[in-house]
Structure formats: structure tokens, C-alpha cells
Amino acid sequence: MTYKIFLSFFLSIITVFAGQLIDFSKAPANGINQKASHFRYFAPGIINPAEGTLEFTVDIKTPAESLGNEWNFLFLLQPASTEFQIGANTLIGIYLPQLPAKGLKVIFRENQKKSITLDTGFTPDNNGKIRLAVSWGKKFVFYINGTKTREQAYNLSLGENFMTYYFNVERFSPYNTEEIKISSRELAANEISGDISDPFQADESTTLIVSSGLTKAEHFIPNNLKASGYHFLLPIQNELLQIYSTGEKTVNTLLGVNFGKTPVAYQLEIAWNDFQKKRNGNLTQKIELPSFSGYTVHTVSLPFSKHGHYLIKTFLQSADNKITARHENQISVLPLSETALKDGKLASYYASSHSEDWSPAFIKKQGATCNRSWGNNPAFRWHEVEPVKGKFDFRRTDSFVQECLDSGLEVLAVLGYAPYWAGEEPSEEIKKSHEKGILPRSWKPKSAAEWGNYVFKTVSRYKGKVKYYEIYNEVDFSPPGPAASFCGSAEDYFLLLKTSYEQAKKADPECKILISGFSTMFNNEMIDKVFEMGAARYYDIWNIHAYKGADKVLPFTQKALKFGPDKPMWQTEQTWLNVSDQQKRIFLNIDLYVNLLEQGYGRFFNFAIPNIFSQRFTRSPEIDYYTAGVFSLFLRKCDSFSGKYSFTDDSVISLRHYFKRTDGSYLSVIGAEGSALRTELDPACGFITASDIFGQKCESKTEAGVLVTESADIMYIISKSPLMIKKIIKLDEQAFYQNGGFEDYRGDQMGGLSGLIPIGWTVNDKKFDKKGKISADREAQSGKYALALSSEGNGRVYVMQPVKILKPGKYQLSGYFKLRKNDGDLKPHMALYILESKKMHEKMIDKISTDNYIRLSHDIELADADAGKPVVLIFGIKSGAGEILLDNIFFGLEENITFEPADFPDYIFPDMKAAMNDTFSDETADDGQGGFADLGSANLSMLKPGIKKINGLPFNIYDEKTGKSCIILAGVKRPNLPRVSGKIPVNSKVKNLSFLYTALWVKAQAGEQLGNVTVTFKNGKKAVHPLLFRQNIFDWYVPSLPDQVKKECFKISAPDKSERALFTSTWENSSFEEIDHLEFSSDGKGLLVFLSLNGKK
């Protein structure tokens, strides 16, 4: 016998046993945002990943040739684990793929790499009502109307811990699903229902039946789940339950399930830290799932009283140890808006788009004012609303528009993309120019009249609800370039634009028409042609996509102003999809927003959900979401862009813009990529406050009549009048270069890797060789991408990047090289060019292989005269024909390189770990909590782990994240520390031993012994290496050092901004006898810190 529970979606509440009521009308409190387009229900207790059966009654009204424009999922259960990455988006799915693949598919995924796909052999083709079923357990089996049509063996183990808390079933086209039946076991063929006139009936393994057009649901508890005492607890990773404003109660929400007759307790531990690692904490809590409680929602209060972005780890374990799981998510707590200050004209600047299965309230919370229907949101596309000629289906569009309006968002509708019946099939050459060229949606409409009818009906239907319409997306992805978006010509698009404008204005004179958002990636001649044909007469708003950055947008902005000087300008699609460095990306976001405001753009639409501004699987906001939200809150109180500051060396500060606020005060945005800044101001500007990119207050102080404030990134400064900037100083200490791993690119990836430009690099592919090529390449030494450079032998092909040398020293230029082909005397090279002296430090590359990447380096000595001077890094092909791959270049001081042991085959690195007694870092001095002798911010935490070359010698710097990282022995200060270290095993014959150390708080005369190194040989003999003050060891305080020692020692900045020194010395093993171990000791006259040692074979 089964226990039945009744549910009517949108009409009533679900009662689960005698326990808590879960009200589906009050989403997201229960965790499920119901959608008109999709049926959603809890997955635990319904879907059995080990075995089961899914059955559907569908009503297919679309012909086969009209399918394949999109990915259409009938059923979707996604993973909820960060162990899965983009490309592994589905745990269990039944779907129609995008062309060229055809036919219904079923996918099961065990993990990121292991999955199996069943080709059902079934292609929907205006079939009307039919029954589809798939079962799994011993094998995959697919049924049509109760008849087995395909089966396939498989060997996967799906873990319930990977499941998200709910599943999706498509209500609308192309399936028009009417019924669902889910079973917890693999049904036999004779148990599959094939008669569409017979409603689904429950049996002992049924978990769910949904009927009446997916509005009525019956939930059953199979006997095996009751008998086993099935229970489960998992986080409800709903996007709306992970975003808050300051002052709102922040919680972690969990879904509990208990179908058993006994209560179950779970132990829960939540640990968190904010993105800046300034705040962290943890809590434990016990959660009780009462007997027969069914589904219950539990909230755990989190102490996030201040705004910030928090990274959360949740560990849970049931008392019976059946369930142990670890989950990760993120929560954004956005600052409050200044309610006392009215919004300004720029309040509408920030806008966005979102995936169909997400709530638009997610972007509204961030500050977006308009939602663009694009990406995974096909609501307005022609092939979606009129898949069959004359038969319009606006259900999905109605749902999207109403959701936006309910969330307080305007709508920007993208019109375009013909259904198969309305498209003109292009030539094979055009179709092969891009993988999307075969999609009928990319084909140009056959008839301007049919196109006009679609535009008129759509605009008429949403008159008064939708004001803005964009005519096609990135129409310049067209011949003679890759036909990813449009297979027609400039003349074809001009006709569509003209027809759209005329029909839309006829339907709704108040609507506004946007020209296609041009990508500027290919076929820029098309933009010129449509302008020359008079396009400006047929749009109200100029439109562009800024994937290549503000500097690449500027020429098109100037062109738009020339042809339509009075027309508003919008940027409607951009995200840094090809920038993997999160810290870099959050700066680039704000930098682009501000620089397009300077160019006169009135709206900026992000295109970053669900992959950049949010995490696809946990549905959490990312730090990009939070920092863009902070920017939006500051900007919304502004009326206008006022100008850009000028001051000495201002060219290195890309953000120096200011805006007038609605109360007459000013917002200034100050920032430089990858650099902390010290800003010095004249107090007469009426400074009010400064905040960093995270909205956290920046401390300010007055020094000698100058107002000083510092930030690690962007600063938002509010003042009574524009800032009076005396100086802005970049606080970097080393030469700075960008994107050495070639992981970050500008450009729209829809155009393929060849259209991407590596950020930070100037690409000279065709300057000397007209057939030269430089592009991103997936055959990387590490990471996602490398850079491919090819030459036809007609001249140099290279990339270059300017940097500034901030101090003299021994530098190294290096990179990983691989040969792809050599068509004739190929000569790659790398070089450093000093602009002022015109001196070239060059190395020709002649030892590269087609088999593996090889790291090659060039050592360069830069003198005092070079300090502060601009130089250029150059990598590429100097002459000859062929192709090379380049990855992971490095330029910097020798000691900043992290090496591998294999780089030093003549050295050993004895393991000091067992003797180490302290760490490099300490937060607070004398607090009794330990860490670097309890000395506080005067510490060595800025020392990076790994094998480093210091004073010409390799030393292994230990990572304190894995435990202790140094040995500290007693001195006048901290006399209670040990005076002798533990034994450090060597067990080798070596020519010498070298040591890395320093001394603190020294009370001794020059020449006095501060300590020693005692070496014990295998034969029992000993040798001593004394450490003599101001001879081979000094106090680490740099200002106290002799000039020559200052020059030769290894210096590091402490967190308190002071400069500290490390020293090296070498003991020669004159007898060359085998060493057993060594020990460090202190004479108590100074704190001695031992960091590393090596032995030369």
C-alpha cells in the first residue's frame, strides 16, 4: 500500500503527511519558483538515481524540419555540485539537441567526465498525442506508446548527493506535456502505459503522477522507501534565497525529507568567509526530521549583518551515517541604497538578461532596470512564436513578459530568427562558414511581408507592456564572415530593419526600435553599408556589443553619432566570458561600464547569467554580481557624467571619472587594473566618504594638510565638489604584465577562437605578413588556452606588451613553446626591448618540439639606469614559415619565479617540516594566539610558497596553509621559545649546504655569534657553521643595514608596509662525507628565523 499526497499547483497548498505545510504559492520560501513554462517538483524521494522510470504524455504539433534551432529539454535534472563545470550541465536529461544532431536523446551523467547518451531513434514530427517513456537500472530502455524501440547497456553510478533539489518538465512547445508518471524502479515492458486514452495509474513503485496539463500532482510514497526509512537533507540552492540587502535576515535554507517511522537527526556545520577574507566564522546546528514528516523546509540563520559577498561551505551528516555530504554556495548581501537621496537620470543605466529557468527578480535585486530576451531565453524569436505558418504560440512570451513586469523590470525584446518554413536556405559554403550556419534560425527570411506580419502581431500583442524591440542579434556575424547569426547581406538586413520599423510603429507608435547589436567582430563593412543606405531613419536607438572593450567601441560610436547625432546609444550584450581571473574581471566590468558612460551610452546590458555573474549549478551569485550591484547602487543617485580628471601621470589610471549626483554632490570613480592606489586630495573639495569596489569604507587620514585614502582596487569617492587631486600613486613594487597564461580574451566567442584578442597584448599578425595569424588555441600547456602564431614566411608575426621596470636587478623572460609545424627555416624568438636606449635583449628559440611544450628562458640584467623606464615584451616568429604555440610566459625578478625541483637537478631540498614550529603570518601582536612569534603585522606572510631562486640559490619556501612554515628560535624578545631546533634529516653526500634565514630584535655587537648550524655526519662527527652578526647574518630591519648589504639581501614587504630582509650563507662540506642530519641553534641574542636550506650534490 502507498501513502498518497495531493497537490494542485497554483491553486492550493501541498500537505505532506501530518507535518509542515509547503505553500507553492509563496516561492521562493519553499525553494521552488514555479514557472508557467515548466512544471517543477522536489527531486529527493521522487527520482531514484539507481533505477527508475519516467513516462510522459505529450502533444507534438511541430514538424520535424522546424526543430533543432534550440536545445529543447523535455525533462531536466541538473547537478548541484561545484565539482561539475560548464559542459557537464545535466545529470538526467531527455532532450532534442540543436542541429546538426537530430532525434530525441537521453543522457545520464555520473560525474564531470563520465556520462552515457541514448539515441532513441525518435524524431518528433507533428505526431500529436503520444506516450514517451525511459527506464534505467540494468539498462537504458526507451518506449513509444508502450513499445520498446531502443535499449542500451550502461555502467554508471549516479549519486543522490549530486542531485539538485528539484527537476524541470517542459510545459510548452515543442512537447506540450500533459501528463507525467515517475516510478522508483525500472518498470518492465508490460508495465509501461501505452494507451493515451487511459490516464496514468499508480502502482507500488510510483512516486509522482501529474495530470490536467501539469496542474494537478499526486505524490506517492512507495513501500520500499517507507520500509527503508528514507530520509535526506540538502541545501535549497535557489537563486532568490542567496541574495539579500543589508538588514534583511540572511539564512541558509535546506530541504528535509523523512518518509520513515522514526525521527532522524542531522548534524550541520557551516563555515564561511567573505570574498576579501576579512570576516570568517562557523556554526554548528542540529536539524531534526520528525517521523513521517515528508518534505520540510529548514532555515539556519547566518550572522551576516554587514554587506559583503560570502563563500559558504556546508557539511552535513545524519546520525545513522547513511548521509554524509559537503555543499558549497555563495551569498551576496548588497549595501542599502541611499533612500534619503532621490534616484537620478542614470538610475536606468544598468540592465541585464537572464536565463529562462531563472527568476528575473535575481537581476532586479542587483539594480537592473530592464531585461533583454536573449541567450537561453527564446521568448520572442520568430521560430518560437510561429513554428508553423499562421499558428502563433505566445505562451512562452506571455510568461516571460509577465514575470518581468511582476519583478519591476522593463523588457527589451529581440526580434528575429526565422522558422524553417520562413527561411531561405543559403549555399553550402555559407552554411559551412560557422557551426550555426546550418540552423534555419540563421537563414534570412524569404518574405519581407511574412517578416512584417510577425513583427506587427508581436508588437501589437505587447503594446503597453513592452516598449523596446531590437531587430536581430549581432547581424554582422554574416557573409563574407562566419554566418553565425544571419546568412543574408547588408541589403537584406536593411530591408528587414525598414520593414520592422514601419510595422512596429503601425502596431504601437510609442515603441522604440533598436538596430541590431553589432558585434564588431567580423564584417564591419556591413555597418558602413546599412548606414549609407539610410538605416538611421529606421531605428530609434543605436546598439552595439562591447566584447572587445571600450577602445574598440569608440570608432563605431563616432560613426553612430555622425549618422544619428540625436539618437540614444545602448550597449545590449557583454560579459568577460573569456577572462578567468575573477579579480581582473570585476575591475574590467566597472571599467567598461564607466568608459561607455563617458562615450555617451545610456544603457548597459550584462549578459552574464548563469555563467559569470552566477554559478550555474548552485545558482549562487558570484562576486561579479555583487560588485556590479555595488556600482549600480552608487550610479543610480547620479544625473550625468561630468568629466574626467587630469593630473600628473594620469594615463596609468584608467578610471578617473566623476558624475554629478542629484543633490549637487559628486561621485568620483578612481581605479587602475591590478594595482592598489594611494590617492592624495586637497581637503577643499569637501570630501565626504570613500568606499572600495566591495562597498566597504576606505579609511582616510590627513597628512601635512593632504587628505590621503588608499584602496586595493577601485574607489568610489563622494565629495561636495569635484576632487582636487594632488597625486595618485600606484602601490605596486614589481614590473607588471598582464595575461601571461593567455587565458583572458576580448571578443565574442560566437565568432570562434580566431576572433578573440588576448587582453593586455598588442597583436601584430598581418603588419608584416599579410597571411599571418594569431589566435587562441585549446592545445594549452596548462589552463584552457594557449596562443597560436603562424607565418607564411613573409615577415614577423608577434605579440608585444609594454611594461615598466620599477627597480634594477636580475630579470628573467621565459615562456613555454611548442612547435606545430615548420614549413621552412622557422625562427621563433622572445625579446625585451628598452624603448629609451633602443636596446634589444633577444633570444632565438631553436629547441622546440612537436611532442611537448618546453620552457625556455632568457636572463637579463637591468641596471639602475633602466629603472622606471618603459620596456616591451616580444614573443613570436621573427622569420620563416610555420606555426608555434606559446603559453605561460613570465617576466619578472628572478626571485619571483616559482620553479620545479626538476629545474635544479644538482640540488637536494632536505625536508624541514618536522622541525618547524611557527608560521609566517600573525594577525595581532601579543594576543597569545601565536603565529610568527606573536609579533603581529611585522611578519613574512607576503612570502609566496614554492621553490624560489634567492641570491642565485634555490630555496623551497614552505606553505603555511599546510601547517608550520618556519623555525623560530629564542632571543631577547620571546626568550621562552626553544633555543635548539629539532633534527632535520639530510641523508646525503653534498658539496655544500646553503641556508635562508633572518634575525629580529638583535642585542649584540658586530662579530658576535647569534647562533649556529650543527651538521652531524653518518660517522658521528660534527661540524659547526657559525652565524655571526653583521657578517653573515643581520637584523632584518632594512634601514639599519649597510648600503652594500641593502643591495645584496633579499627584501620583502611586510603587511605593515615595512621592508624586511632575508639573508643566505653557505657551509662547505670539505670532507664530502655523508651527512645524517643538522640542527639550528640560537645563542639568545636575537630571534632567529630559519626558512629553508638546500644541498648541492
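The values are calculated or read from the model by the stated rules, or taken from the named source; none is laboratory data. Quick caveat: nothing in here was measured; it's all calculated off a predicted structure. Counting neighbours? That spans all protein chains shown, and the Cβs are built from the backbone with ideal geometry, glycine included.
Hey, any hits in segment 118-133 for a residue that's aromatic (F, W, Y) and either touching a Pro at 6+ places or on another chain (Cβ under 8 Å) or within 30 Å of I236 (Cα to Cα) (or both)?
No, every residue in segment 118-133 fails to be aromatic (F, W, Y) and either touching a Pro at 6+ places or on another chain (Cβ under 8 Å) or within 30 Å of I236 (Cα to Cα) (or both).
Among the numbered criteria (1) more than 28 Å from the chain's Cα centre (by Cα); (2) farther than 30 Å from L893 by Cβ; (3) assigned to a strand (DSSP E or B), which single criterion is violated by I717?
Against the list (1) more than 28 Å from the chain's Cα centre (by Cα); (2) farther than 30 Å from L893 by Cβ; (3) assigned to a strand (DSSP E or B), I717 comes up short only on (1).
Could you tell me which of the residues L806, L832, L819 is out of contact with any Ser or Thr (no Cβ under 9 Å at 6 or more places or on another chain), crowded, with 17+ Cβ neighbours inside 10 Å and not assigned by TED's automatic domain parsing to the domain that holds F647?
Of L806, L832, L819, the one residue that is out of contact with any Ser or Thr (no Cβ under 9 Å at 6 or more places or on another chain), crowded, with 17+ Cβ neighbours inside 10 Å and not assigned by TED's automatic domain parsing to the domain that holds F647 is L832.
Got a sec? Which of G876, G868 is on the phi > 0 side of the Ramachandran plot and in contact with a Pro (Cβ under 8 Å, 6 or more places away or on another chain)?
Only one candidate qualifies: G876.
For segment 994-1034, which positions are among the aromatic types (F, W, Y) and not in a loop (DSSP other than H, G, I, E, B)?
F995, Y997, F1017, F1029
Would you check if K105 is surrounded by fewer than 20 Cβ atoms within 10 Å (Cβ to Cβ), under 28 Å from F42 (Cβ atoms) and free of Cβ contacts under 8 Å to residues at least 24 places away in the same chain?
Considered against the rule, which asks whether it is surrounded by fewer than 20 Cβ atoms within 10 Å (Cβ to Cβ), under 28 Å from F42 (Cβ atoms) and free of Cβ contacts under 8 Å to residues at least 24 places away in the same chain, K105 comes out as yes.
Taking only segment 621-663 into account, find how many residues are of a type outside the set (D, E, K, R) and not in a strand (DSSP E or B).
The total comes to 21.
Does segment 407-428 contain any residue that is surrounded by 21 or more Cβ atoms within 10 Å (Cβ to Cβ), over 31 Å from the mean Cα position of the chain (by Cα) and among the acidic types (D, E)?
No: segment 407-428 contains no residue that is surrounded by 21 or more Cβ atoms within 10 Å (Cβ to Cβ), over 31 Å from the mean Cα position of the chain (by Cα) and among the acidic types (D, E).
Condition (residue is farther than 28 Å from G423 by Cβ, in contact (Cβ under 8 Å) with a residue 40 or more places away in the chain and surrounded by fewer than 22 Cβ atoms within 10 Å (Cβ to Cβ)) applied to segment 116-124: is it met by at least one residue?
yes
Quick one: in segment 300-351, of everything that is among the aliphatic types (A, V, I, L, M) and outside any strand (DSSP E or B), which residue is surrounded by the fewest Cβ atoms within 10 Å (Cβ to Cβ)?
A340
Restricting to segment 210-258, and then to whatever is over 39 Å from the mean Cα position of the chain (by Cα) and aliphatic (A, V, I, L, M), can you tell me which residue is farthest from H298 (Cα to Cα)?
Result: A227.
Run down R603, R661, R636 and say which single residue is modelled with pLDDT of 95 or more, basic (K, R), surrounded by 21 or more Cβ atoms within 10 Å (Cβ to Cβ) and under 18 Å from S353 (Cβ atoms).
Matching residue, one of R603, R661, R636: R603.
I need the full set of residues from segment 178-194 which are in contact (Cβ under 8 Å) with a residue 60 or more places away in the chain and either assigned to a loop (DSSP other than H, G, I, E, B) or on the phi > 0 side of the Ramachandran plot (or both), in order please.
Residues satisfying the conditions are E178, S184, R185, E186, L187, I192, S193, G194.
Looking only at residues in segment 838-850 that are without any contact (Cβ under 8 Å) to a residue 24 or more places away in the chain and in a loop (DSSP other than H, G, I, E, B), which one is surrounded by the fewest Cβ atoms within 10 Å (Cβ to Cβ)?
Ranking the qualifying residues of segment 838-850, first place goes to K838.
Looking at P555 and the list (1) in contact (Cβ under 8 Å) with a residue 12 or more places away in the chain; (2) surrounded by fewer than 21 Cβ atoms within 10 Å (Cβ to Cβ), which single condition is not satisfied?
Going through (1) in contact (Cβ under 8 Å) with a residue 12 or more places away in the chain; (2) surrounded by fewer than 21 Cβ atoms within 10 Å (Cβ to Cβ) one by one, P555 breaks only (1).
Return only the number of the condition from (1) in a helix (DSSP H, G or I); (2) touching a residue at least 40 places away in the same chain (Cβ under 8 Å); (3) surrounded by fewer than 20 Cβ atoms within 10 Å (Cβ to Cβ) that E510 does not satisfy.
Single failed check for E510: (1).
Could you go through segment 801-817 and let me know if any residue there is of a type outside the set (V, I, T), at pLDDT 90 or above and within 30 Å of S519 (Cα to Cα).
yes
Tell me, which residue of segment 749-779 that is more than 25 Å from the chain's Cα centre (by Cα) and part of a loop (DSSP other than H, G, I, E, B) is farthest from S478 (Cα to Cα)?
Residue satisfying both the conditions and the ranking: F768.
When you look at S691, is it assigned to a loop (DSSP other than H, G, I, E, B) and surrounded by fewer than 21 Cβ atoms within 10 Å (Cβ to Cβ), yes or no?
no
In segment 519-545, which residues are among the hydrophobic types (A, V, I, L, M, F, W, C) and either out of contact with any strand residue (DSSP E or B) (no Cβ under 9 Å at 6 or more places or on another chain) or modelled with pLDDT of 95 or more (or both)?
Those that are among the hydrophobic types (A, V, I, L, M, F, W, C) and either out of contact with any strand residue (DSSP E or B) (no Cβ under 9 Å at 6 or more places or on another chain) or modelled with pLDDT of 95 or more (or both): M521, F522, V530, F531, M533, A535, A536, I541, W542, I544.
Which residue, of R396, R372, is farther than 29 Å from I623 by Cα, basic (K, R) and touching a residue at least 24 places away in the same chain (Cβ under 8 Å)?
R396
Of the residues that sit in segment 22-59 and are acidic (D, E) and at pLDDT 95 or above, which one is nearest to the chain's Cα centre (by Cα)?
E55
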